[in-house]
Amino acid sequence: MFSSEKNAVGDCDRCGITWALKKLKFLTIRMRKTNIRVCPDCWEKDHPQNKQGTFKVFDPQALKNPRPADNSDRTLIAAATPPTPGDLLYNPTSPPPPTSPPPPTSPPPPTSPPPSPSGVTWDSASKTAFTTLSNGDLTATFSGTGFPDGVIRANTAKSSGKWYWEVVLDVVTYAGICTGITSGADPLIELGNIAEYGYRHDGYMQHGGVYDNGVASSVAGDVIGFALDMGAGTLAVYGQNALIGTWTGITGTYYPAASPALSSGVPCTVTAHFTTASFVYTPPAGFIALT
């Protein structure tokens, strides 16, 4: 058992400045969490160059001076005698030959998904004056200068079933962004301060005022996925389709929600994907889009 970090202080292992201990985060180097604990000013994501040699790279060598030189399509035509390998005849006027489909790739996140056919959007009736909705009420922009600083929740709540949705971090500024769930009884302040559950993009999972800063952080453009299982009482959080963390013991009725992390007045923006057609990633088995 260890005591709480609530009132403890600690020195940054890099710059030596004293911070609240709960603000110091562990560095990850070459995809391994280290015991180096640094302040928010010194913390940095694991650099991509540290991952060289970790993943296979497909880089086929190009042909020098190929034929046809313009790389246009050609079709094999019949000859009086069957051609031998390396001696094929082509007809520029014939239809192009069938080609193998390209390897599957992950589609980029849509910047402006169409209005939700299921009717699930951010709820304009529950927002504060610090929140602006657009894009068919699927995009929320926060620009509050004080609490309540702009929590927005969806127009549907769930108390049973297994549900999946995504939130794209369109614009991330100093204010930061929290995404997660809230109950109808929660005040519209930063997610995680009361009974809500909020994932903060700079690497915090927070609930009831308790902050866990040992999880992966996210950046602008990332897709944050949520899998809510009310039967099991769990909420799993995914960043770019990789599991970040899971809350347990969830009971009651909850809405998908988002909020700024701080009341700095600097705008930040999120876009919700509430339908199967708008999902960037495939939901976990057994989970469906909100209805």
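Here is how the numbers come out for the structure above:
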quantity	calculated
Amide proton proximity set for Gly221, modelled H, under 5 Å, gap of 5+	Leu169, Asp170
Additional length obtainable on full extension of the chain from Ile17 to Asp59, 0.36 nm per residue less Cα span	10.6 nm
Computed accessible area, Thr128, all protein chains, 1.4 angstrom probe, square angstrom	20 Å²
Nonlocal amide H pairs with Ile36, under 5 Å, H built at 1.01 Å	Leu27
Share of carbon and sulfur in the accessible heavy-atom surface of the stretch 27-66 [1.4 Å probe, %]	52 percent
In nm, spacing of pseudo-spin labels at Phe2 and Leu133 (7 Å Cα→C-beta vector)	4.3 nm
Integer Hz, Karplus 6.51/-1.76/1.60 couplings in order for the stretch 235-249, x for Gly and Pro	9, 9, 10, 10, x, 6, 6, 10, 5, 8, x, 9, 8, 10, x
Listed residues Ile288, Ile244 arranged by accessible area, highest first, probe 1.4 Å	Ile288, Ile244
Vicinal HN-Hα couplings computed from phi for the stretch 37-53 (Karplus, 6.51 cos²θ - 1.76 cosθ + 1.60; Hz; Gly/Pro x)	10, 10, 7, x, 6, 9, 5, 8, 5, 4, 6, x, 5, 6, 9, 4, x
Potential lengthening between Ala185 and Thr251 on full extension [0.36 nm per residue; Cα-Cα distance subtracted]	22.4 nm
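The values are calculated or read from the model by the stated rules, or taken from the named source; none is laboratory data. None of these values were measured; they are calculated from a predicted model. We place every Cβ from the backbone using ideal geometry, glycine too, and count neighbours over all the protein chains shown. All accessible areas refer to the heavy atoms of the entire protein, side chains included, with ligands and DNA or RNA removed. Shrake-Rupley method; radii C 1.70, N 1.55, O 1.52, S 1.80 Å.
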